[in-house]
Amino acid sequence: MQRRRLRLRRDAGLTVFLGVALGLLLYVQHEGEAPTTSAPRARGKEARRPSLVTRAFQTPVSHAGPLAYEGDTPAPPTPTGPFDFGHYLRAKDQRRFPLLINQPHKCVGDGSPDLLIAVKSVVADFERRQAVRQTWGAEGRVQGALVRRVFLLGVPRGGGSDGAAPPAHWRALLRAESQAYADILLWAFEDTFFNLTLKEIHFLTWASAFCPNTRFVFKGDADVFVHVGNLLEFLALRDPAQDLLAGDVILQARPIRERDSKYYIPEGVYGLSVYPAYAGGGGFVLSGATLHRLAGACAQVELFPIDDVFLGMCLQRLQLTPEPHPAFRTFGIARPSAAPHLRTFDPCFYRELVVVHGLSAADIWLMWRLLQGPRGLACGHRRPAAPGPFQWAP
Ligand SMILES: *[C@@H]1O[C@H](CO)[C@@H](O)[C@H](O)[C@H]1NC(C)=O
């Protein structure tokens, strides 16, 4: 312990350098306004998530100033025109799609995983899958716990025949990835923003069937950084046979009734004035017991086009409330632009978090190096997971 501390102190210089580098990286990205193929996260008023949100545990940093830092996530495509609710309502009885690529052996072999990590991804997001594989999503033993990983994918819109990703190309890519890493789950529905609910349902059913004895499941986006060590520490105190769903809990969110919003929900589709409590889809954790119960409950809840709200509805059906955890920041951290006084970047802040949302592949990798890399991180003292808003060090 003592020796480690000394070594860490020697590495402090390097850590400061990397910290500054990351700060610069984030800053430059902001200045360059990285192109984005739209993400299911808030950007500006138009894309704001369900309004008047109370976030348990934390001051509403994410919708006060600039909203979540979005990076360049190739997220599932969002329809450009207004969402066709009529079509959605007519089509929503069709909710079972075949599994095109399975990983039937994911959870057999060297024992059932303690933690199954499931990451929503789209075919085009190869780089982030690689970053996740090499960093926080690495399989194997972490602090003694067995960790396994899957990526959740649908078919690119139009079967990929729109030229962006020729069908033969993306099929070959996924087949090769599946052979190399055995972590691809591909279903036959179109991988669109409003089909994320289908992804949710199919994943729960899959995990319940093929990973029945996993102790816990983490489900999140590919653009998050997860501090798996902190997550496992939190889970070590919990019983997988008890109900648990913890994350960035959003209370009293109101459906958005403005037609031009990405999250517009007409009253005919959802008549109540608030959504049930739900955990932000960027990253949350659940117990094995809750996995099985949710798989059953969600199969009976009518499809709803916003996936994390939909999961809140399944929880409500089970009379479960999601548990707020202060270290899940699924709305991401405000960019440096939110802190014009930015001079240094404090990577120690991230050490106390479990999930940070909105990172590029490079950010994920660098964060990993800073926090988990062989050199570790020299922080003066261990702060508690602060419920307060993020502060860039003055
Ligand atoms: C969801 O996927 C199905 C099957 O591919 C497709 O017919 C439907 O249009 C998609 N729905 C949305 C809202 O994108």
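The values are calculated or read from the model by the stated rules, or taken from the named source; none is laboratory data. Just so it is clear, the structure is predicted and the values come from calculations on it, not from any experiment. We place every Cβ from the backbone using ideal geometry, glycine too, and count neighbours over all the protein chains shown.
The listed residues are F203, F194, F234, and the only one of them that is within 16 Å of the ligand (Cβ to nearest atom), touching a residue at least 40 places away in the same chain (Cβ under 8 Å) and within 20 Å of F328 (Cβ to Cβ) turns out to be F203.
Would segment 188-198 turn up any residue that is surrounded by fewer than 23 Cβ atoms within 10 Å (Cβ to Cβ), in a loop (DSSP other than H, G, I, E, B) and either of a type in the set (S, T, Y) or at pLDDT below 95 (or both)? The answer is yes; a qualifying residue exists. Out of the residues in segment 107-143 that are surrounded by fewer than 19 Cβ atoms within 10 Å (Cβ to Cβ) and within 19 Å of the chain's Cα centre (by Cα), which is nearest to W187 (Cα to Cα)? Out of the qualifying residues, it is F126.
Of all the criteria given as (1) at pLDDT 75 or above; (2) crowded, with 16+ Cβ neighbours inside 10 Å; (3) not charged (D, E, K, R), the one not satisfied by F349 is (1). Among the residues of segment 135-158, the one identified as over 17 Å from K219 (Cβ atoms), within 14 Å of the ligand (Cβ to nearest atom) and in a strand (DSSP E or B) is V155. Of the residues contained in segment 250-259, none is found to be within 30 Å of R149 (Cα to Cα) and part of a loop (DSSP other than H, G, I, E, B).
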